[in-house]
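The values are calculated or read from the model by the stated rules, or taken from the named source; none is laboratory data. Note that the structure is predicted; figures quoted are calculated from it, not measured. Backbone-built Cβ (ideal geometry, glycine too); neighbour counts: all protein chains shown. Areas reflect the complete protein model, heavy atoms only, side chains present, ligands, DNA and RNA absent. Shrake-Rupley method; radii C 1.70, N 1.55, O 1.52, S 1.80 Å.
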Amino acid sequence: MTFGGGHGAAVDAPTAGQTAVRSATLTTASARLPHRWLILAVLCAAQLVVVLDNTVLTVAVPVLTTELGASTADVQWMINAYALVLSGLLLTAGSAADRYGRRRMLLAGLVLFGLGSLAAGLASTSGQLIAARAGMGIGGALLVTATLAVAMQVFDGAERSRAIGIWAATSALGFAVGPPIGGTILAHLLWGAIFLMNVPVVLVCLVVGRALIPESRNAAGGRLDVVGAVLSTAGLTAVVWSIISGPERGWVSAGVLGTAAVGVLLLGLFVHWERRTTDPMLDMHFFRDRRFVGAISGVVLITFGATGALFLLTQHLQFVRGYPAWEAGLRMAPFALSIVLLNVSGVAAALIRRLGLAAAIAVGMTLLAGGLAVVTLLPSDGYGVLLGGLLVMGVGCALANPAIVEAVMSAIPAEKAGAGAGVDGTMTEVGGSLGIAVLGAVLNARFAALLPATLAGAGSFPAALAAAREGPEREAVTVAFASALETGQTVGAVAVLVGGLVAAGLLHRAHRSESEPVGGRQQSHPDRAYLHNKDRLA
């Protein structure tokens, strides 16, 4: 591991005898960086623009359709090109951060994201916008992995837990404020401004980040694993595309099944290659650690339920309650703000330390499921019930999100923080995409079953409403969609609860197995830094 000053000057690599000590003490020394909280602000600003770019576009679809003459397929690619490229490159980006420097990859990600945002804001055709969005996805993958990896190097101990919580809360904030910000911009400026607003943020992050963020990388990173990068990128892109396209094209359609099969095959080849190459981008030995397997399983399970259920909640606010996208996002803001407040204040980090990671995940996801149940099963025309449910959900996420991220990252040696961030980001993307696709399919199936016979075959709520005659038939469509949303959100709440409890159970069992004595001695790992946070899993 090398660790340099604010301008990237690297210190000589430690000798073989010093490596273990250096790995264990590096983050302790780095926690004393005088500008570490300003560094975190830069990391969070970079993470925020990445998340915003996924949500801010939702309110711009009608304008883009008109201004660029975009077809339905064009609009889908405008949205999906970014997500597909980002999710496909996360593992490669994390590996690159460890090998070539986390600060360097962060700055490269900012440059690429800024250039992509500029190109998107100035695009005059659908094709140009789709290409620009794909370019932004490359920068986004570097930012998602590098921001978390840098935070793991800059903070230690209790400060690390708090920093991870604030970093995780940034994603929730971006999810909620994207539509209101987009709606406000579109009300006063041209549509390109929703992308151009990223440019000044990127420039500020570049200047401050270059001046303050120290360089760190894995001194024993080895050569770039080109074959692994190609296989993982192609495989993940194919799998995520299949998940996203399944609800629209049909889960059993030849295109979806064929692409999914190719993706799984490529990922299988990736695993085979990584187990045999001398310089793997993802060390398969990680998967022998029960804590790591439990943590990444938890990421998938939790994001599956939470992302899918929150997606349905935004549908409820827009289609059932009739709020425009920006106002629906504004009414969701207390959810995100409560997460941010609890993490910035340090309350969430203190509770996680007191409870332990496994218990914090269990309690947090139980609260999130309970809040979703309140919003779903206690309908009200007013805002009071919704507000109460959102606040309960926010408290739950404030506990569970940082805990699951810390569980993943604490199961990986500090010198491979980028790889850990890549795995965490990949599992989050896969789980979130699955949640939206599967719960969306539940919604559509239930809606189709409840529609009046005269409207059978309508593919969506807007289509059914447009085809319905005035009066009772339109009312029947609205009632059917509200009931279908209730079913979908209930399934989501159950998935959140089960996912949280399963993840917590896996982590607790992993901790107990590590703590059990073997031959009269407690088990230990040759790299003590590898297990430096295991006592928090109790």
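Tell me, yes or no, whether the range 301-323 has at least one residue that is surrounded by fewer than 17 Cβ atoms within 10 Å (Cβ to Cβ) and more than 27 Å from G182 (Cβ to Cβ).
no
Please work out if E470 is open to solvent by 10 Å² or more (accessible area, probe 1.4 Å), charged (D, E, K, R) and not in a helix (DSSP H, G or I). Quick ask: steps written out before the conclusion?
Details: open to solvent by 10 Å² or more (accessible area, probe 1.4 Å): yes; charged (D, E, K, R): yes; not in a helix (DSSP H, G or I): yes.
In short, yes.
With the condition kept exactly as written, say whether any residue in the range 273-281 is of a type outside the set (V, I, T), closer than 19 Å to S95 by Cβ, outside any loop (DSSP other than H, G, I, E, B) and touching a Pro at 6+ places or on another chain (Cβ under 9 Å).
The answer is yes, given that some residue of the range 273-281 is of a type outside the set (V, I, T), closer than 19 Å to S95 by Cβ, outside any loop (DSSP other than H, G, I, E, B) and touching a Pro at 6+ places or on another chain (Cβ under 9 Å).
So if I check each of G370, G346, G388, which one is on the phi > 0 side of the Ramachandran plot, surrounded by fewer than 24 Cβ atoms within 10 Å (Cβ to Cβ) and over 19 Å from the mean Cα position of the chain (by Cα)?
The unique qualifying residue is G346.
Need the failing condition index for G222 against (1) modelled with pLDDT under 85; (2) farther than 30 Å from V395 by Cβ; (3) under 24 Å from the mean Cα position of the chain (by Cα), just the number.
Just one mismatch for G222, condition (3).
With the range 116-209 as the region, which helices (runs of 4 or more DSSP H) entirely inside it contain at least 1 residues that are closer than 25 Å to V347 by Cα, open to solvent by 10 Å² or more (accessible area, probe 1.4 Å) and modelled with pLDDT under 85?
Once the helices (runs of 4 or more DSSP H) in the range 116-209 are filtered for at least 1 residues that are closer than 25 Å to V347 by Cα, open to solvent by 10 Å² or more (accessible area, probe 1.4 Å) and modelled with pLDDT under 85, what remains is 157-188.
Mind listing whichever residues of the range 246-270 are at pLDDT below 90, of a type outside the set (G, A, S) and open to solvent by 60 Å² or more (accessible area, probe 1.4 Å)?
E248, R249, W251, V252
One line per residue, one yes/no per condition, for (1) modelled with pLDDT under 90; (2) assigned to a helix (DSSP H, G or I):
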position	(1), (2)
D53	yes, yes
V59	yes, yes
T65	yes, yes
G69	yes, no
S87	yes, yes
L91	yes, yes
A108	no, yes
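Results for (1) buried (at least 23 other Cβ atoms within 10 Å of the Cβ); (2) out of contact with any Leu (no Cβ under 7 Å at 6 or more places or on another chain); (3) modelled with pLDDT of 85 or more, shown as yes or no for each residue.
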site	(1), (2), (3)
F447	yes, yes, no
P452	no, yes, no
A458	no, no, no
A476	no, yes, no
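Tell me, please, whether a residue that is open to solvent by 10 Å² or more (accessible area, probe 1.4 Å), touching a residue at least 60 places away in the same chain (Cβ under 8 Å) and either of a type in the set (D, E) or under 24 Å from G246 (Cα atoms) (or both) can be found in the range 88-95.
Yes, the range 88-95 contains at least one residue that is open to solvent by 10 Å² or more (accessible area, probe 1.4 Å), touching a residue at least 60 places away in the same chain (Cβ under 8 Å) and either of a type in the set (D, E) or under 24 Å from G246 (Cα atoms) (or both).
Every residue, every condition in (1) crowded, with 18+ Cβ neighbours inside 10 Å; (2) on the phi > 0 side of the Ramachandran plot; (3) part of a helix (DSSP H, G or I); (4) of a type in the set (A, V, I, L, M, F, W, C), yes or no:
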| residue | (1), (2), (3), (4) |
| --- | --- |
| W37 | no, no, yes, yes |
| V49 | yes, no, yes, yes |
| Q76 | no, no, yes, no |
| A81 | yes, no, yes, yes |
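Given the conditions (1) open to solvent by 40 Å² or more (accessible area, probe 1.4 Å); (2) closer than 14 Å to A93 by Cα, which single one is not true for T233?
(1)
Is it the case that the range 51-71 has a residue that's touching a residue at least 60 places away in the same chain (Cβ under 8 Å) and in contact with a strand residue (DSSP E or B) (Cβ under 6 Å, 6 or more places away or on another chain)?
no
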